[in-house]
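Worksheet for the structure shown next.
The values are calculated or read from the model by the stated rules, or taken from the named source; none is laboratory data. Quantities reported herein were computed from a predicted structural model and do not represent experimental measurements. Cβ placement follows ideal geometry from the backbone for every residue including glycine, while neighbour counts extend to all protein chains displayed. For the accessible areas, the whole protein counts, side chains as well, though only heavy atoms, and no ligand, DNA or RNA atoms are used. Shrake-Rupley method; radii C 1.70, N 1.55, O 1.52, S 1.80 Å.
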Amino acid sequence: MTSTLFTNVRILDGSGAAPYAGSVLVEGKRIKHISKSAAPMSAGDAMQVDAAGATLMPGMCEAHTHFSWNNAANLAGIQTMPLEEHVLWSAKVAKIYLEAGWTSCVGAACAKPRLDVVIRNAINSGQIPGPRYLAASQEITVPGALGDETLPHLPFPEFSFGANVNGAEDMRKCVRQFLKYGVDSIKLNLSGDNFTPDSPAETHWMTDAEVAAAMEEVRMRGKRGAAHARSGPSVQQALRHGIDIIYHASFCDEKTLDMLEAAKDRVFVVPGIGIVHALLNEASEWGVTRAKAESMGYGIEWEAALKSLSAMHKRGVRVMPGGDYGFAFTPHGQNARDLEFFVRYLGFTPMEAIRSCTLYGGQIMMKPNELGLVKEGYLADLLLVDGDPLTNLAILREPSRMLAVMKDGVFAKHPPTTRQRAWERAA
């Protein structure tokens, strides 16, 4: 059994408690012992890592992940990548996430039916490096809604970004097929999105019968439902039908907020505000100027989302980072920016932002007693960070500041020696 001893670390354990100096011993896959003393700990034959005061924290969880989004500027650009290239792309992105400190990820839809399942299985079998991963279905949609990219002049109704269904029994057939493939969650597009002009964010698309059929199958197989739900009615529909993961939730009135608060011990909200910010401020290179984004409705959604999400946070609803990274204007690798936005715009403290991707991460990954904390007995998913994230969250998206990444007690990114760190600082 391999062992690693981290000494001279500043432990940020993910619980919300103040950091403290100490040492952490990892044996096999788990954290064996934590010392809250600066005194040396007996290491035996363990590999020793002198952290020189760096921060040791839990691995982060990205709760709205699209490995198969290929940094294209639109849905069609993602959809039309050939399957073989798409598998290779997704494998490359999984490695990027792991080395950036995202040791757990929740799939939020894939671009082709089995992409998420194939990548999850390859990670689990050791064929490729990647985070712990919960695989999603394609987005399930209805004609005319977000994800329906079929073209009327082409006789291929199945060739669409999302899986198209019509009615409850059609939904049941589609969900059963994805469950057969082995997904961990079924994604339903309950609302529209301003990205698709004919189905904007405040619209609502699925019938209760369709959603009920999907969730009956999901529960029968012990899986989870997830929903793209920007409008208030779609969030309410998700809650009524027992959907656990709600993406976006931009437009929430008092009734919707009350329903979310009543279900706060069950649900997770993952807003993905990074893409709205990017479309308003950083997408002109791809033809979306500030004026264009405003005309699409993103200015209105931004203001509504900040109000809704701030209220959720105050009510104790679990709001987590992640969302729609993998477009040209939200490229993979900048995901930790969500934590900065949580503090800047939603009223989080830096500690609450850290907790949202660590403690809550263990919960959304369905391992609340094994993941998300630096704690004895927990799985050794750990980050060694050069600096203090509580004073500067931006360091969590700087690759050079991510000194080491450990998953299951094994280094995915090996720590530099103390001499290397001194040389890099001098340079």
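Laid out as a table, the results:
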| quantity | calculated |
| --- | --- |
| Accessible area per residue in Å² at 1.4 Å probe, computed on the chain | 39 Å² |
| Charge dipole magnitude, Cβ of K and R +1, D and E -1 - the chain, Cα centre, debye nearest 20 | 1160 debye |
| Karplus-derived HN-Hα couplings along the range 15-28 (A = 6.51, B = -1.76, C = 1.60, θ = phi - 60°), whole Hz, x at Gly and Pro | 7, x, 6, 5, x, 8, 7, x, 9, 9, 9, 10, 10, x |
| Over the chain: Kirkwood hydrodynamic radius from C-alpha pairwise inverse distances, Å | 21.9 Å |
| The range 292-388: Rg to Rh, with Rh as the Kirkwood radius over Cα pairs | 1.02 |
| Alpha-carbon centroid distance for the pair the range 321-394 / the range 21-89, whole angstrom | 11 Å |
| The chain, relative contact order in percent, only Cα pairs under 8 angstrom and at least six apart counted | 19 percent |
| Value of [θ]222 nm, deg cm²/dmol, for the chain, DSSP H segments ≥ 4, -39500 (n - 2.57) each, nearest 500 | -10000 deg cm²/dmol |
| Charge-dipole axis of the chain as Lys and Arg at +1 and Asp and Glu at -1 on Cβ define it, positive-most pick from Met365, Ala412, Leu134 | Ala412 |
| Dipole-positive endmost among Val175, Thr55, Phe268 within the chain (Cβ charges, Cα centre) | Thr55 |
| Nearest-ten-degree value, helix 168-181 long axis tilted from longest Cα axis of the chain | 30 degrees |
| The range 238-282, accessible surface, carbon-and-sulfur percent (1.4 angstrom probe) | 47 percent |
| Neighbour cut-off at most 10 other Cβ (10 Å), DSSP loop, trypsin sites (Lys or Arg not before Pro), the range 1-51 | Lys36 |
| DSSP-loop GluC sites (Glu not before Pro) across the range 343-385, with at most 14 other Cβ within 10 angstrom | Glu376 |
| Interchain or long-range residues, amide H under 5 Å from Arg30's placed H | Ala380 |
| Above-threshold pairs, the threshold being 30 Å between Cα atoms, out of Lys29/Lys95; Lys92/Lys292; Lys180/Lys413 | Lys92/Lys292; Lys180/Lys413 |
| Cα-based radius of gyration of the range 208-281 once divided by 2.2 N^0.38 Å, which approximates compact folds | 1.15 |
| Max mean-square fluctuation residue, GNM over the chain, Cα-Cα springs under 10 Å, options Gln236, Gln48, Gln363 | Gln48 |
| Largest-first principal axis extents of the Cα set of the range 27-66 (Å) | 42, 24, 16 |
| Size of the range 41-111 as Cα extents on the principal axes (Å, biggest first) | 56, 22, 18 |
| Whichever aspartates and glutamates have a C-alpha closer than 16 Å to that of Lys173, once near sequence neighbours (fewer than 8 apart) are set aside | Glu139, Glu158, Glu210, Glu216, Glu217 |
| The range 28-147: proportion of alpha-carbon pairs further apart than 20 angstrom, % | 53 percent |
| Theoretical FRET efficiency, 1/(1+(r/R0)^6), r = Cβ-Cβ of Ser125 and His33, R0 30 Å, to 0.05 | 0.45 |
| Probe 1.4 Å, all protein chains present, accessible-area order of Trp302, Trp286, Trp102, largest first | Trp286, Trp302, Trp102 |
| Mean shadow area of the range 70-136, taken as a quarter of the surface of its Cα convex hull (nm²) | 4.2 nm² |
| Rounded to 10°, Cα long-axis angle of helix 115-124 versus longest principal axis of the chain | 20 degrees |
| Share of carbon and sulfur in the accessible heavy-atom surface of the range 1-155 [1.4 Å probe, %] | 56 percent |
| Inter-label distance, nm, simple model (7 Å from Cα along the C-beta direction), Ala21/Asp45 | 3.2 nm |
| 5 Å binning of all Cα-Cα separations within the range 1-90, expressed as whole percents from 0 upward | 3, 12, 17, 15, 9, 6, 8, 10, 11, 7, 3, 0 |
| Binned Cα-Cα distances of the range 270-323, short to long, each 5 Å bin given as a whole percent | 4, 21, 25, 21, 14, 9, 5, 1 |
| In the range 178-274, GluC sites (Glu not before Pro) in a DSSP loop with at most 16 other beta-carbon atoms within 10 Å | none |
| Spin-label pair Ala76/Ser3, simplified geometry with 7 Å Cα→Cβ offset, distance in nm | 6.1 nm |
| Tilt relative to the chain, helix 337-346 - C-alpha long axis, 0 to 90 degrees, to 10 | 70 degrees |
